[in-house]
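Let me begin by presenting the structure, written as structure tokens, before commenting on it.
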Amino acid sequence: MPKAKTNPENKIIEAALQLAARQDWSKLTLDHIAKAAKLSPAVVKKHFHGKNALLPAVVRWVNRETLATIDKLDLKASPHDRLFEVMMARLDVLQSHRRAILGIIAGSRRDPSALQYLLPVQTEAMRLMLNAARLQQKGLREIFSVTGLLGVYILTLCVWRTDNSPDMSKTMAVLDRYLRRAGALTEILFRTLP
């Protein structure tokens, strides 16, 4: 969980995750979250103008937790293996708060306006994951790589949502397969890019 004592925003995120694990996200309000965080509604609204505005903060929190848990990457490993390790670390963070994340996903899927909050921050998250795997790109290659990884991530999340195996074996297999397919497609397209 976020370090609640040091930052009101972290207290708000922690309270939101706790509530999302127990209640229907679509029915939660900022007032509910403020009460759970033991903050005044005014303080919460100072940080987040609406519940959907919490979504980018949750994604950024997942980013921080992921980067904090990645062991030193073996730079001799293949690009696929490095990226697989980084993305599995991200999924491990989600898994550790599975009920909350599933609740947020379910509620957001019923609210199309949530997409405008999630798409930019998830795109930036994929750029961070590529950088963490030491796969920085520039120009068109970066755009293609980030967009492709976002697609892989979304497809993998669709499997993760229903993967009840203790070791996420189905999710791991799908992530591996999609990354390999995306890698093969990238190799083909990069031959034609400047």
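FYI, it's all coordinate maths here, none of it is from the lab. Keep in mind that what you see is a predicted model, and the values were worked out from it rather than measured. Here the Cβ is made from the backbone with ideal geometry for all residues, glycine too, and neighbour counts use every protein chain on show.
The table below gives the values:
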read-out	value
Gain upon complete extension [ASP92, ASP111; 0.36 nm per residue less C-alpha separation]	4.3 nm
Neighbour-count ranking [beta-carbon atoms within 10 angstrom, fewest first] of ARG90, ARG64	ARG64, ARG90
Within the chain, helix-based [θ] at 222 nm, where runs of 4 or more DSSP H residues each add -39,500 (n - 2.57), nearest 500	-23000 deg cm²/dmol
Nearest-ten-degree value, helix 8-20 long axis tilted from longest Cα axis of the chain	90 degrees
Estimated translational D of the chain in µm²/s (Stokes, Kirkwood radius over Cα pairs; 4 °C; 1.567 mPa s)	73 µm²/s
Cα lying deepest toward the dipole's positive end in the chain, options VAL62, VAL121, ALA34, charges on Cβ	ALA34
Rounded FRET efficiency, nearest 0.05, which uses the C-beta distance separating ASP74 from THR123 and R0 of 30 Å	0.65
Contact order relative to length of the chain, as percent, for alpha carbon pairs under 8 angstrom and 6 or more apart	21 percent
Entries in LYS11/LYS51; LYS76/LYS138; LYS11/LYS35; LYS72/LYS138; LYS76/LYS170 that, when Cα-Cα distance is taken, lie over 19 Å	LYS76/LYS138; LYS72/LYS138; LYS76/LYS170
